[in-house]
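Below is one structure; the comments refer to it alone.
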Amino acid sequence: MTRYTSCSFIACDFSRAAIEVLKQNPLYDPQKCNVFVADPAHNPLPVASESVDIATMIFMLSAVNPCLMPAALAHVYRTLRPGGALLFRDYGVCDLTHVRFIAKGHRKLDENFYVRGDGTRTYFFSLEKVQSLLQEAGFETEAVQYDTRELKNRKRKIIMPRVWVHAIGRKPLSPCPGESSESAGESSVT
């Protein structure tokens, strides 16, 4: 964070342990970084409306029940300034893990939604699903694409096909007609 002296950071995670790991990092500066445990799928983030320039959701939304995904995105949308961006990265359909779940034929909770052996859940996104979720939350979609890679496990001598979805959603500079900037994106919360 020493490179970004004029920036401040807000970070949250479902896991208290993850927040503690961040706080133990030698680069962590409590004067520049506000970190806390939060669940944006169930509660608004304790961050002022329209106070954030860039938000990231990296391998986060896949752990949320699909019926709560619109609420999580709406809560993030509320924190972004007009013109602010959401940078999204998560698991894509046909990722190695997804293919393994399909092959085993169990642990399926819903379409593209599974429970792992440790009890955590994971969802595998199509481009269309990400596009739809972003639009429903009020974002203008700048990019939605797959990132496909073949990772090699040299020890086991196997190739692992990985599929992730990358997306950029931007909060419009002005609200949609008939909508205030404060309520934009929150109409999808149920």
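The values are calculated or read from the model by the stated rules, or taken from the named source; none is laboratory data. Quantities reported herein were computed from a predicted structural model and do not represent experimental measurements. Ideal geometry is used to build each Cβ from the backbone, glycine not excepted, and the neighbour counts take in all protein chains shown. Ligands, DNA and RNA are stripped out before the accessible areas are found, and what is left, the full protein with its side chains, is counted by its heavy atoms. Shrake-Rupley method; radii C 1.70, N 1.55, O 1.52, S 1.80 Å.
Numbers for the structure displayed
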read-out: Elements of type strands (runs of 3 or more DSSP E) contained in the range 85-165, each with 2 or more residues being out of contact with any Leu (no Cβ under 9 Å at 6 or more places or on another chain); value: 108-110, 113-115, 140-153
read-out: Failed item in (1) surrounded by fewer than 12 Cβ atoms within 10 Å (Cβ to Cβ); (2) farther than 24 Å from His166 by Cβ, with Tyr28 passing the rest; value: (1)
read-out: Those residues of the range 58-70 which are open to solvent by 10 Å² or more (accessible area, probe 1.4 Å) and not β-branched (Val, Ile, Thr), in sequence order; value: Phe59, Met60, Ala63, Asn65, Pro66, Cys67, Leu68, Pro70
read-out: Selection count, the range 9-50, where residues are under 26 Å from Ala71 (Cβ atoms) and either part of a strand (DSSP E or B) or touching a strand residue (DSSP E or B) at 6+ places or on another chain (Cβ under 8 Å) (or both); value: 21
read-out: Total residues in the range 36-57, condition touching a Pro at 6+ places or on another chain (Cβ under 8 Å), open to solvent by 20 Å² or more (accessible area, probe 1.4 Å) and within 25 Å of Trp164 (Cα to Cα); value: 0
read-out: Inter-residue pairs, beta-carbon under 9 Å, first at negative phi and in the range 130-141, second of a type in the set (D, E, K, R) and open to solvent by 20 Å² or more (accessible area, probe 1.4 Å), 6+ apart; value: Leu134/Glu140; Ala137/Glu186; Phe139/Arg170; Glu140/Arg170; Thr141/Arg170
read-out: Members of the range 112-161 that are within 30 Å of Gly83 (Cα to Cα), out of contact with any helix residue (DSSP H, G or I) (no Cβ under 6 Å at 6 or more places or on another chain) and open to solvent by 70 Å² or more (accessible area, probe 1.4 Å); value: Glu128, Gln135, Glu140, Glu142, Gln145, Tyr146, Thr148
read-out: Qualifying positions in the range 84-128 - more than 30 Å from Ser174 (Cα to Cα) and aliphatic (A, V, I, L, M); value: Val93, Leu96, Val99, Ile102, Ala103, Leu109, Val115
read-out: Filter result for Ala74 (of a type in the set (Gly, Ala, Ser) and assigned to a strand (DSSP E or B)); value: no
read-out: Residue list for the range 77-111, filter: open to solvent by 10 Å² or more (accessible area, probe 1.4 Å) and aliphatic (A, V, I, L, M); value: Leu87, Val93, Leu96, Val99, Ile102, Ala103, Leu109
